[in-house]
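The values are calculated or read from the model by the stated rules, or taken from the named source; none is laboratory data. Every value quoted in this text rests on a predicted model; they were computed, and no experiment measured them. Heads up, the Cβs are rebuilt from the backbone with ideal geometry, glycines too, and the neighbour counts pull from every protein chain shown. These accessible areas exclude ligands, DNA and RNA; they are computed on the full protein's heavy atoms, side chains included. Shrake-Rupley method; radii C 1.70, N 1.55, O 1.52, S 1.80 Å.
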Amino acid sequence: GSLDPRSSLSVREREVYDLVCAGLSNREIASKLFISEATVKVHVHHMFDKVGIRSRTALAMNAAHERVRQATSTMERTN
């Protein structure tokens, strides 16, 4: 199976990743995490580099596919 793309991210990058995948804007993420928008942008760029994805949409789609894969794997183990 594939590894969780978040495994290569720092704790803060994981927080940003989750919020981007939830559809929050950089401004909303900055407010929620008490950091500047510029800092959010840096985290997003680092995330894209580490995960190998270049858009917020692709990142959210990748996260959704990963959740489905994990849920399917969990269901298979319980059956």
Here is a list: Glu15, Glu66. Which entry is open to solvent by less than 30 Å² (accessible area, probe 1.4 Å), part of a helix (DSSP H, G or I) and among the acidic types (Asp, Glu)? Glu66
Condition test on Ala22, is it free of Cβ contacts under 8 Å to residues at least 60 places away in the same chain and out of contact with any Cys (no Cβ under 7 Å at 6 or more places or on another chain)? yes
Any pair with Cβ under 8 angstrom, 6 or more apart, that starts in region 66-79 at a residue that is within 17 Å of Arg6 (Cβ to Cβ) and ends at one that is in a helix (DSSP H, G or I): Glu66/Pro5
Right, Ile53: surrounded by 11 or more Cβ atoms within 10 Å (Cβ to Cβ), modelled with pLDDT of 85 or more and more than 15 Å from Leu9 (Cα to Cα) or not? no
Just wondering, is there one or more residues in region 59-72 that are polar (S, T, N, Q), modelled with pLDDT of 90 or more and over 13 Å from the mean Cα position of the chain (by Cα)? no
Name the residues in region 69-79 that are assigned to a helix (DSSP H, G or I) and either surrounded by 14 or more Cβ atoms within 10 Å (Cβ to Cβ) or not basic (Lys, Arg) (or both), would you? Gln70, Ala71, Thr72, Ser73, Thr74, Met75, Glu76, Thr78
Which residue, of Ala30, Ala38, Ala22, is small (Gly, Ala, Ser), open to solvent by 40 Å² or more (accessible area, probe 1.4 Å), out of contact with any Pro (no Cβ under 9 Å at 6 or more places or on another chain) and farther than 22 Å from Glu66 by Cβ? Ala38
